[in-house]
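What follows draws every value from the coordinates through simple rules; no lab data is involved. Given the structure is predicted, the values throughout are model-derived calculations rather than measurements. Please note: Cβ atoms are built from the backbone with ideal geometry, for glycine as well, and neighbour counts cover all protein chains shown.
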Amino acid sequence: MDFLRPTTLDEALAIKAQRPDAVPIAGGTDVMVELNFDHRRPEALLDLTRIGELAEWSTLDGTVTLGAGVPYTRVIDELGDALPGLAMAARTVGSPQIRNRGTVGGNLGAASPAGDTHPVLLATGARVEVASVRGRRFIAAEDFYTGVKRNALEPDELITAVRLPVATGGEQFAKIGTRNAMVIAVCSFAIVLREGHVGAAIGSAAPTPRRVGEAERFLLGELPWDAPAPLADSLKRRFGELVASAATPIDDVRGSAAYRTHALSVLARRTLTWAWDGYRGSVRECA
Amino acid sequence: MRLNVTVNGERRQADDVWEGESLLYVLRERLGLPGSKNACEQGECGSCTVYLDDVPVCSCLVAAGQAEGREVRTVEGLADGDALDPVQQSFVDAGAVQCGFCTPGLVVAAHDLLNRVPDPSDEEIREALAGNLCRCTGYEKILDAVRLAADAR
């Protein structure tokens, strides 16, 4: 096995063009498990941890560009105000040790249906920045997940960053698990409310993370945007039903399909209440 | 490969290292530092926790090749000669050690917590130790040890 250790992005892209079989490794929280258990013996590992530009983030014109190699701990510590939904999801990842290493880029690369950040990326309307020697392109989060642990990357491409809008309304994320740490989601849900935008997405309840379009359109039409008042129970319940109806979960060791469907309707109802409170607060601040 | 890594302040070298083996394997099997324990090899148990460039990580999830040129501090590097670190002494004094297998990882995790948060709340202690599994104690004595260490520092 070759161990390739580029120190610049250009160098990494040149390597990936020549060696599309090279498996990228950043925090190692997925890749090393496969190596330790002999589930995978790649021809080459492409270590991304020495590329400084992947471990940076910046904000421009209301958009955060989050380098693919920024660990979750830094998302929580440095971006809790700008990206509250993503920070909430990051807090539920693994344990402190895992959050110190794991990255959003790694979450996207693995593209597990249960990955914690995916529902937030979908609900905020994030764009995934990918690059190769052929150039750079952006993939909308909703076009990125193509199947169970499959994504829209070409073999010569690397994930370089994620672009997300700075939060201006309410953002929430919630996840079901057997304890408060070291949990792969039984199911998860994210919701983002800002003027003229409703984003909502489910995790661990379909072959890929997915947006729930019908539920989003329902809310966009029904929410009292101009005179934000507390929401009627009937509206929250209907939203929960629409979210649950978009799920196509399976029975597995973590939970049954029926439980996941029910739990999603509850998560959707609760997070809607919290996100709407957040939105109302942001409107009051502006007034 | 020949791996160059600074461990507990000392520059060390190991030969014939496979880049895909874990830093934990390097520490235990090649550098004679068996303090960090090998249990789950998947980041679930925290018993292999070490500092990598001052950040606590599961050493089982760091590829040896990624550790090249980096600084590692293991549980063996916490004591000052024969004088135990306050966290280690508190684990002894509080009776927080039963079989002892999880202890090195917990000591490193607690050490990091107290460096960042000198006077942690119970919630902060629980959160900081959430990635370290102990199957003997039920954790109460471990929480006592961390509170004791916070008072002692």
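Observations
- Peptide ranges B:89-96, A:6-13, A:190-197 listed from the most packed, as the mean C-beta count within 10 angstrom indicates: A:190-197, B:89-96, A:6-13
- Ranking A:181, A:138, B:9 by Cα position along the charge dipole of the protein assembly as shown, where only Lys, Arg, Asp and Glu carry charges on their C-beta atoms, puts A:138 farthest toward the positive end.
- Square roots of 5 times each gyration tensor eigenvalue, C-alpha, the protein assembly as shown, largest first, Å: 38, 28, 19
- By other beta-carbon atoms within 10 Å, ranking B:52, A:122 with the fewest at the front produces B:52, A:122.
- Among the residues of A:29-35, the average count of other protein chain beta-carbon atoms within 10 Å of the residue beta-carbon is 6.
- In degrees, nearest ten, helix A:9-18 long axis to first principal axis of chain A (Cα): 70 degrees
- Per-residue mean of C-beta atoms belonging to partner chains within 10 Å, peptide B:14-24: 3
- Most mobile listed residue (A:174, A:227, A:201) in chain A, GNM with C-alpha springs under 10 Å: A:227
- Candidates A:181, A:114, A:167: whichever shows maximal mean-square fluctuation once chain A is modelled as a Gaussian network with Cα springs under 10 Å: A:181
- Counts of other chain beta carbons within 10 angstrom of each beta carbon in peptide A:43-52 average 2.
- Helix A:257-286 vs. chain A, principal-axis angle (Cα, 0 to 90°, nearest 10): 80 degrees
- Per-residue ellipticity at 222 nm from helix content only, as computed over chain A with -39500 (n - 2.57) for each DSSP H run of at least four residues, stands at -11000 deg cm²/dmol.
- Against chain B, whose longest principal axis is taken from its Cα atoms, helix B:140-152 shows a tilt of about 90°.
- Couplings for the stretch A:239-250, taken from phi via the Karplus curve 6.51 cos²θ - 1.76 cosθ + 1.60 with θ = phi - 60°, read 4, x, 5, 5, 5, 4, 6, 7, 7, 10, x, 10 Hz in order; Gly and Pro are left as x.
- Overall shape: oblate for the stretch A:141-261, with the ratio a/c of the largest to smallest alpha carbon gyration tensor axis at 1.5 or above and b/c at least equal to a/b.
- A straight Cα-to-Cα reach below 28 Å connects residue B:141 with the lysines B:37, residues fewer than 8 places away in its own chain not being considered.
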